[in-house]
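Participant: Below: one structure in structure tokens.
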Amino acid sequence: MGKRQNRLSHVLAYMAYRLAEKALTIPPMWFCYRTGQLIGIICYYLLKRYRSLAENNARIAFGNTKSDPEIKRLVKEHFLTVGANFVCSAKLTTVSPNKLNNYIEYEGKELLQENAEKGIPIIYLVCHMSAWELLAQIESPANDVKQSTLYQALSNPYIDAHVLRKRKRTGLKAFDRKDGFNGPMAHLRTGGSLGILVDQNAGYRGVWCPLFGKLASTSNLAPLMAARSGATMFPYFVITAGPAKWKIIISEPLEVSPGETIEMTTARMNLEVEKMISRSPKDWFWVHNRWKTPKTRFLIEKYRRGFCLPPKMKIEDLQSFNILIIAPRSNDHCKISLPTVRIIAKGRPDAKITILGNDSKVWENVPEVQKCIERPNIAKPQNANADPIGNQDFDVAILFDSSQEAALEAKRGGIPHIVGYSNNENSRFIDHQITQENSPEEPAYYNRIAESIGSKMP
């Protein structure tokens with residue numbers, strides 16, 4: 001019964017999809033663009049969470065070069081552009097390949113042609129920019145180069161099959177990621193091309209490389225496949241050139257240097273991603289949580305691929321990963337926790353540790369602690385509603401104090417990720433909960449927290 005219902009829902013969704021597709025053949029492209037802009041501005045005002053995420057991401061990228069009003073204007077323009085390109089992308093799938101050239105222009109096609117004439121395979125470094133699905137609809141920008149792309153199959157098999165048929169119109173071959181990489185590698189070794197999205201968070205499998213100066217988990221798939229196939233990597237992206245007009249840009253190639261590690265090539269690739277985004281900031285998908293903090297192991301020293309900085313960049317140049325540790329209330333317990341604080345500080349090169357505690361003197365001679373905040377004395381009436389954290393920007397809070405008050409302090413501070421031992425009082429405020437097995441009088445009490453977030457324990 002369940003399978004039958006599931007199949008029926010897939011069929012109905014497919015029929016609705018085809019009807020919507022058919023309807024989009026009627027209005028002109030400019031109308032779709034303006035309608036999309038209207039949808040985008042409505043989403044900007046209604047979807048507060050995504051607006052806030054986009055603004056935070058834009059501050060990471062341009063906080064040193066743009067004022068806050070400029071950031072807000074950029075995000076508003078982004079929502080308009082995303083809406084327009086979303087509707088137009090759907091419309092573009094109904095346009096025949098030979099008519100697509102009416103809406104697009106190219107920059108840098110000659111770079112691809114020079115590479116193709118040498119018989120060298122091509123890997124396209126693709127970002128979620130503008131109407132990026134357009135790249136799967138057009139014929140190969142380089143003559144006689146067979147196109148392919150990596151894709152993730154849609155959950156609806158009927159829509160998935162239909163989309164694949166559409167893409168095959170131009171000779172595009174789609175390789176499902178679930179099927180492994182033997183097929184794509186064989187395609188590259190025959191001199192073909194392969195499109196790979198390179199601007200998504202790669203989670204625990206990625207290399208931690210700077211993107212706009214802040215460490216981000218990055219897939220090394222494109223550099224790895226380039227190294228093994230001898231392919232040249234080309235930044236390949238779309239920008240919005242005007243209402244219902246797009247420009248496809250091919251930039252100077254990123255080559256794998258002899259003797260260079262895959263991690264270093266991945267770090268250099270992120271510099272190319274920065275250039276793509278900076279070319280047209282309104283077009284990048286800012287509502288993706290690119291600099292996402294892993295919910296458990298956010299300390300990265302145990303990660304298989306670790307971190308890597310591009311040439312000439314120093315650790316001091318990184319934007320900090322701000323950790324708030326809410327210290328035990330007892331000075332004796334604070335002293336017991338000191339070695340654990342040092343262990344946590346080693347967990348990532350960009351860590352900046354702030355201690356919230358009763359007595360800042362305990363932490364004065366601990367070089368791993370950059371700042372101390374003293375708790376207000378809530379016994380005094382004037383401090384009853386004090387917020388010691390205020391508007392300070394922390395990525396995570398670690399509770400060495402398992403009281404409800406400590407959890408509330410972190411929650412009131414708007415800290416997105418809170419780690420600590422859970423109990424009946426504080427569990428609703430903690431998103432990374434640990435079961436207590438030791439006493440605060442034992443080093444193991446604090447070490448268990450550090451280990452749960454990815455510390456290498458001595």
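The values are calculated or read from the model by the stated rules, or taken from the named source; none is laboratory data. Given the structure is predicted, the values throughout are model-derived calculations rather than measurements. So basically every Cβ, Gly included, is an ideal-geometry build from the backbone, and we count neighbours across all protein chains shown.
Participant: Can you tell me which residue is nearest to Leu150 (Cα to Cα) among those in the range 178-208 that are hydrophobic (A, V, I, L, M, F, W, C) and under 18 Å from the mean Cα position of the chain (by Cα)?
Facilitator: Ile196
Participant: Within the bounds of the range 448-456, is there any residue that is without any contact (Cβ under 8 Å) to a residue 60 or more places away in the chain and in contact with a Phe, Trp or Tyr (Cβ under 7 Å, 6 or more places away or on another chain)?
Facilitator: Within the range 448-456, not a single residue is without any contact (Cβ under 8 Å) to a residue 60 or more places away in the chain and in contact with a Phe, Trp or Tyr (Cβ under 7 Å, 6 or more places away or on another chain).
Participant: Given the condition among the polar types (S, T, N, Q), closer than 22 Å to Trp208 by Cβ and free of Cβ contacts under 8 Å to residues at least 24 places away in the same chain, answer yes or no: does some residue in the range 350-371 qualify?
Facilitator: Scanning the range 350-371 turns up at least one residue that is among the polar types (S, T, N, Q), closer than 22 Å to Trp208 by Cβ and free of Cβ contacts under 8 Å to residues at least 24 places away in the same chain.
Participant: To continue, here is another question. Restricting to the range 152-175, and then to whatever is over 14 Å from Ser193 (Cα atoms) and within 24 Å of the chain's Cα centre (by Cα), can you tell me which residue is modelled with the lowest pLDDT?
Facilitator: So the residue we want is Leu154.
Participant: May I pose another question? Have a look at Glu374, Glu437 and point out the one that is at pLDDT below 90, under 19 Å from Ile453 (Cβ atoms), loosely packed, with under 14 Cβ neighbours inside 10 Å and acidic (Asp, Glu).
Facilitator: So the residue among Glu374, Glu437 that is at pLDDT below 90, under 19 Å from Ile453 (Cβ atoms), loosely packed, with under 14 Cβ neighbours inside 10 Å and acidic (Asp, Glu) is Glu437.
Participant: Could I ask something else about it? Among the numbered criteria (1) at pLDDT 85 or above; (2) farther than 29 Å from Asn143 by Cβ, which one does Pro184 miss?
Facilitator: Only one criterion in (1) at pLDDT 85 or above; (2) farther than 29 Å from Asn143 by Cβ is unmet by Pro184, namely (2).
Participant: Could you grab me the full set of residues in the range 273-298 that are within 15 Å of Met129 (Cα to Cα) and hydrophobic (A, V, I, L, M, F, W, C)?
Facilitator: Val273, Met276, Ile277, Trp284, Phe285, Trp286, Val287, listed by residue number.
Participant: Which pairs have Cβ atoms under 7 Å, sit 6 or more apart or on different chains, and link a residue in the range 317-339 that is basic (Lys, Arg) to one that is outside any helix (DSSP H, G or I) and surrounded by fewer than 20 Cβ atoms within 10 Å (Cβ to Cβ)?
Facilitator: Close Cβ pairs (under 7 Å, with a partner that is outside any helix (DSSP H, G or I) and surrounded by fewer than 20 Cβ atoms within 10 Å (Cβ to Cβ)) amount to Arg329/Asn358.
Participant: Counting just the residues of the range 153-185 that are touching a strand residue (DSSP E or B) at 6+ places or on another chain (Cβ under 7 Å) and not in a strand (DSSP E or B), which one comes out surrounded by the fewest Cβ atoms within 10 Å (Cβ to Cβ)?
Facilitator: The qualifying residue surrounded by the fewest Cβ atoms within 10 Å (Cβ to Cβ) is Arg177.
Participant: Looking at the range 119-131 only, could you name the residues that are surrounded by fewer than 20 Cβ atoms within 10 Å (Cβ to Cβ) and among the hydrophobic types (A, V, I, L, M, F, W, C)?
Facilitator: Ile120
Participant: Take the residues in the range 36-47 that are touching a helix residue (DSSP H, G or I) at 6+ places or on another chain (Cβ under 9 Å) and more than 18 Å from Leu134 (Cβ to Cβ); name whichever of them is surrounded by the fewest Cβ atoms within 10 Å (Cβ to Cβ).
Facilitator: It comes out as Tyr45.
Participant: Confirm whether Ile315 is surrounded by fewer than 16 Cβ atoms within 10 Å (Cβ to Cβ), out of contact with any helix residue (DSSP H, G or I) (no Cβ under 9 Å at 6 or more places or on another chain) and β-branched (Val, Ile, Thr).
Facilitator: It is true that Ile315 is surrounded by fewer than 16 Cβ atoms within 10 Å (Cβ to Cβ), out of contact with any helix residue (DSSP H, G or I) (no Cβ under 9 Å at 6 or more places or on another chain) and β-branched (Val, Ile, Thr).
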